[in-house]
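The values are calculated or read from the model by the stated rules, or taken from the named source; none is laboratory data. Given the structure is predicted, the values throughout are model-derived calculations rather than measurements. Backbone-built Cβ (ideal geometry, glycine too); neighbour counts: all protein chains shown.
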Amino acid sequence: MSGFKAPALESILADALSKIRIPTFVATYPGPSRIRFANPALAAALACRVEDLVDRPLEDVFSGAKFCGNTWLHIEEAFKDNQSFSLLEHLDKDDELHAAREILIAPIAVSSGTTGHMVGTVRDITESLRHRHVMDDAHRRLGIYLDIARISLWQTDLIAQKTHYDDLFFQFLGYEPGEIEPDWPWWIDNVDPTYQSIVSMRLRDAVEGFKSVFEVEYPIRGKDGSWVWVWSRGKVVARDENGQATRLYGVLINTTAYHEQTASQARSEQVIKMLVGGGTVALWHRDLGTGEMQIDSHYFKMLGFDVDQVPDRAVWWHKHLGPAQSETVIRRIDDYLYGEVPGVVVELRVVDSAGNDRWMLMRGETVSRSETGRPTQIAGLFQDITDLKRAQERLVESEDHMRRVLNAVPDIIAEIDTLGALRYVNHASAWLAEEKKSSANIFDWIPADAAKTVSDSLAMVRATGKMTSTEAQFVDPGKELRKFALRMMPLPPKDGDERFLCVATDLTEQIAATQAAALSEQRMRWLWDNVPDIVAHLDLDGRVIYINKVLTGFTVDDVIGTKAEDWFPAKAVHAHRKAMDDAKRTGIVQQFETWFEKDVEKRIWFNIRMIPLLADGEVAGFLSITADITTTKEAELARRRYEGQLRQQQKLESIGVLAAGVAHEINNPIQGIMNMAELMLMMTEDEQLKSNAGSIVRECQRVATIVRNMLTFSRQGAQEFIQADLRKMIDETLSLVKILIKRDNVELRTELPDELPPVVCRPQQVQQVLMNLITNARDAVNSRFGDSRDVKRVVLVVKLAASGESENEDLVSLEVTDNGVGIKKDALHHIFDPFYTTKGEAGTGLGLAISHGIARDHGGRLVCKSSPGMFTTFTLELPLAGPAKSQLQRTRTAI
């Protein structure tokens with residue numbers, strides 16, 4: 001190329017340059033290069049006039065330009081091959097990129113021994129360079145995250161048919177980065193041939209748009225010859241104008257460890273069980289003949305479900321997956337059985353017990369075949385890959401999304417340098433005055449007296465590299481101080497400069513609300529702790545959130561967090577649940593009553609009111625108020641008991657009147673019959689007739705005796721204590737009951753001393769007690785033996801107190817023992833309670849209660865011993881001298 005022919009050519013060149021809109025210049029070389037021509041566009045870019053540029057050295061005009069680290073002195077070397085080169089000029093301000101230019105220079109004339117010329121253009125690359133710095137920083141951070149997660153990145157150029165892997169991929173295979181070139185021939189030689197067609201098919205589906213993503217797992221031969229399993233997932237990120245895919249991006253994970261753990265147990269469920277204990281793996285098994293599906297209980301535990309509440313696991317599992325995913329599982333199993341894929345592999349999206357989405361990777365292979373080689377059983381694993389899926393989702397999140405998240409945070413989040421200058425601040429700082437933001441320094445927001453605290457915290461972070469926390473006061477637009485919690489922590493350096501993250505949380509309203517809440521809570525707790533009732537705050541499930549007091553023997557901490565119904569007796573649980581349900585459904589206060597057994601003879605009664613608590617018009621919980629109504633209840637029960645006793649007494653009086661009338665009506669005809677029989681006995685000479693008449697007289701006398709005893713027993717009203725013949729009372733009582741005893745085939749045996757002393761008593765009442773005891777004994781043996789021929793026995797034993805048997809020598813005891821059904825231990829404590837009966841509608845529940853009272857009124861006692869299915873003995877002890885003397889001699893005991 002020849003040199004310029006001045007001046008005509010120079011004039012043409014100057015005119016041409018003036019019409020070019022791109023900043024352009026022409027300069028001389030070698031030696032100090034000077035500008036010969038410069039167009040207006042260059043002058044405008046450099047903020048000067050054209051004439052100010054002419055004849056100026058290039059080194060002065062572009063003082064910050066570099067050429068591969070060298071200066072303008074190397075231009076001559078760069079032009080040896082008559083080629084162009086570029087220079088970069090950084091215009092920094094405060095150690096930060098302020099502006100950047102790219103200067104492209106090319107020789108336009110070279111003549112041996114003459115001055116050469118070069119032409120240059122100037123391009124502003126400030127924004128491009130800044131964007132590249134941001135991208136470099138993002139890539140660096142992404143690289144850190146991927147390295148921690150052990151996730152490799154790859155990208156495929158489909159036009160050039162080349163795939164680029166990051167360094168982690170080479171580490172997976174045991175190579176140094178760049179040691180091999182993983183091109184297509186290398187891939188053919190090193191990927192397991194069994195999987196090559198599958199990988200190719202999956203890749204083709206993604207490239208041609210049949211699948212949205214490329215996903216496959218396969219083994220690659222490592223440097224040491226062993227197989228390295230990798231799981232690869234990617235998607236098409238670019239297509240040309242014809243829709244043809246041109247580029248794929250993806251991730252790759254080393255799954256060799258998983259395969260090494262499961263290789264030795266692919267067909268041994270015992271070894272697989274060892275993996276299940278790890279917490280993220282569960283087993284499944286399917287019989288292809290019966291279609292039965294079995295799922296390991298650990299699968300449900302991983303999702304937080306109670307296995308005992310899943311009666312049919314397979315049915316529950318399919319229902320939990322939903323129709324679409326269930327069909328996918330069946331299709332993948334069929335694909336495997338038809339040989340289209342080497343194994344069952346499917347990702348399932350499920351919901352755990354807390355309602356959260358979780359991902360399960362389902363794998364499986366044949367574990368049993370028939371004699372013909374057909375698969376008969378397949379089995380495999382469920383692996384919880386939720387964390388992996390979430391990591392993948394985080395990888396695709398953009399920086400813009402992160403900024404939106406930061407802007408949504410109510411705290412002020414800022415990135416500052418060592419001087420407090422702002423590099424980033426989120427939208428939470430919108431309340432700050434605009435002039436404060438424009439000052440771009442955090443110390444402009446802080447009053448002078450608080451600035452030192454923040455400055456010291458920043459210095460501490462720089463010195464220790466650890467997060468610090470302090471409090472500071474900022475000034476809001478209304479000139480009011482707002483208190484903030486200020487946290488500072490170091491960030492990775494950026495462009496060689498230290499960076500710090502500053503998070504400011506506004507505590508002003510929180511402090512005021514906390515103080516108000518504390519005062520309100522203090523008042524409420526005082527009220528709750530001083531009311532006599534038990535007050536509890538329950539959630540919708542009935543769990544105790546707060547309770548003011550608890551029953552003796554427990555602490556508040558024992559109760560909080562538990563369900564209130566757990567502290568109720570079983571009989572009250574349904575009533576408690578119903579009260580909650582009705583209160584939630586109607587919004588109306590509900591109440592019910594229940595009781596607790598303090599001991600075997602004491603019940604504590606409570607009234608429980610369930611008050612619905614509303615939030616936004618909906619029931620959000622309950623206030624349960626439990627009041628002790630034992631005194632009221634006992635008074636009510638006593639009133640009912642006395643009313644019942646009064647009614648029963650009235651009934652007995654009526655029966656007595658009726659019995660007296662009936663006895664009178666029977667006595668008259670019996671007396672006539674007996675007189676006629678005696679007359680026949682005196683007048684007849686026929687021996688047979690005399691015998692019959694004698695039998696009639698004897699039976700009439702027996703009936704008369706029974707009627708006389710009925711009249712004696714039925715006499716009511718106040719009875720005086722008199723000295724009575726005990727043997728006579730016993731004989732009269734037995735005459736009343738022996739017909740019933742004999743009719744039921746019950747053996748009645750008596751053991752009485754030859755001599756019985758008189759007893760001071762109310763004879764009719766003692767007879768009543770004795771009749772009750774014998775009648776109950778008969779009922780007991782009938783309940784046990786019925787109409788069988790087994791021995792039914794009732795024994796009456798009368799004893800006088802002897803030395804060594806009692807403290808007192810003036811007692812007589814009447815024991816009635818039977819071999820009937822006996823009395824259960826828990827019933828023994830209630831047999832003397834009024835209206836307590838084990839006979840159902842056949843009993844009044846008053847017999848033993850009245851008998852117990854009679855014994856007490858006589859200064860004696862009535863006690864019971866029993867062994868269920870063996871015997872029962874009732875013992876009536878009476879003082880011979882009557883109650884007045886007995887009360888001075890002994891202390892009575894009542895059961």
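Could you identify the single residue in GLN377, GLN383 that is modelled with pLDDT of 85 or more, farther than 17 Å from ILE253 by Cα and not assigned by TED's automatic domain parsing to the domain that holds VAL199? Show your work before the answer.
Numbers: GLN383 fails: farther than 17 Å from ILE253 by Cα.
Of the residues listed, the single one that is modelled with pLDDT of 85 or more, farther than 17 Å from ILE253 by Cα and not assigned by TED's automatic domain parsing to the domain that holds VAL199 is GLN377.
When residues of the stretch 529-572 are filtered for being surrounded by fewer than 17 Cβ atoms within 10 Å (Cβ to Cβ) and among the hydrophobic types (A, V, I, L, M, F, W, C), how many remain?
Qualifying residue count, the stretch 529-572: 8.
For the stretch 600-633: of the residues being farther than 26 Å from ASN530 by Cβ and acidic (Asp, Glu), which is nearest to the chain's Cα centre (by Cα)?
Per the stated criteria, the residue is GLU618.
Considering only residues that are of a type in the set (S, T, N, Q) and either part of a strand (DSSP E or B) or within 20 Å of SER783 (Cα to Cα) (or both), look in the stretch 842-895 and name the one that is modelled with the lowest pLDDT.
Taking the candidates together, the pick is THR844.
Scan the helices (runs of 4 or more DSSP H) fully inside the stretch 288-384 and keep the ones with 1 or more residues being loosely packed, with under 14 Cβ neighbours inside 10 Å.
Values: elements: 297-302, 313-321, 323-337.
Because the criterion is at least 1 residues that are loosely packed, with under 14 Cβ neighbours inside 10 Å, the helices (runs of 4 or more DSSP H) in the stretch 288-384 that meet it are 313-321, 323-337.
Taking the stated definitions as given, is VAL798 out of contact with any helix residue (DSSP H, G or I) (no Cβ under 6 Å at 6 or more places or on another chain), buried (at least 17 other Cβ atoms within 10 Å of the Cβ), over 25 Å from ALA724 (Cβ atoms) and at pLDDT below 90? Steps first, answer last, please.
On the way: out of contact with any helix residue (DSSP H, G or I) (no Cβ under 6 Å at 6 or more places or on another chain): yes; buried (at least 17 other Cβ atoms within 10 Å of the Cβ): yes; over 25 Å from ALA724 (Cβ atoms): no; at pLDDT below 90: yes.
Judged against the criteria, VAL798 is not a match.
Quick grid of which residues meet (1) over 60 Å from the mean Cα position of the chain (by Cα); (2) closer than 15 Å to PHE874 by Cα; (3) part of a helix (DSSP H, G or I):
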{"residue": "PRO757", "(1), (2), (3)": "yes, no, no"}
{"residue": "GLN768", "(1), (2), (3)": "yes, yes, yes"}
{"residue": "LEU773", "(1), (2), (3)": "no, yes, yes"}
{"residue": "ARG778", "(1), (2), (3)": "no, yes, yes"}
{"residue": "ASN782", "(1), (2), (3)": "no, no, yes"}
{"residue": "ARG793", "(1), (2), (3)": "yes, yes, no"}
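Which ones in the stretch 279-305 are of a type in the set (Asp, Glu) and either free of Cβ contacts under 8 Å to residues at least 40 places away in the same chain or in contact with a Leu (Cβ under 8 Å, 6 or more places away or on another chain) (or both)?
Across the stretch 279-305, the qualifying residues are GLU292, ASP296.
Since LEU153 meets every condition but one in (1) in contact with a Leu (Cβ under 8 Å, 6 or more places away or on another chain); (2) at pLDDT below 80, which condition does it not meet?
(2)
Residues of the stretch 240-261 being outside any strand (DSSP E or B), under 30 Å from VAL281 (Cβ atoms) and not hydrophobic (A, V, I, L, M, F, W, C), which ones?
THR255, THR256, TYR258, HIS259, GLU260, GLN261
Is it the case, given these coordinates, that SER18 is hydroxyl-bearing (Ser, Thr, Tyr), surrounded by fewer than 18 Cβ atoms within 10 Å (Cβ to Cβ) and modelled with pLDDT of 60 or more? So that I can check it myself, show each step before the final result.
Details: hydroxyl-bearing (Ser, Thr, Tyr): yes; surrounded by fewer than 18 Cβ atoms within 10 Å (Cβ to Cβ): yes; modelled with pLDDT of 60 or more: yes.
Criteria met by SER18.
Picking from ALA459, ALA448, ALA430, which residue would you name as being at pLDDT 70 or above and under 24 Å from ARG499 (Cβ atoms)?
ALA459
Any chance you could count how many residues in the stretch 536-557 are modelled with pLDDT of 85 or more and of a type in the set (Asp, Glu)?
Looking only at that region, the number is 2.
What number of residues within the stretch 668-700 are polar (S, T, N, Q) and either in contact with a Gly (Cβ under 9 Å, 6 or more places away or on another chain) or surrounded by 12 or more Cβ atoms within 10 Å (Cβ to Cβ) (or both)?
Result for the stretch 668-700: 4.
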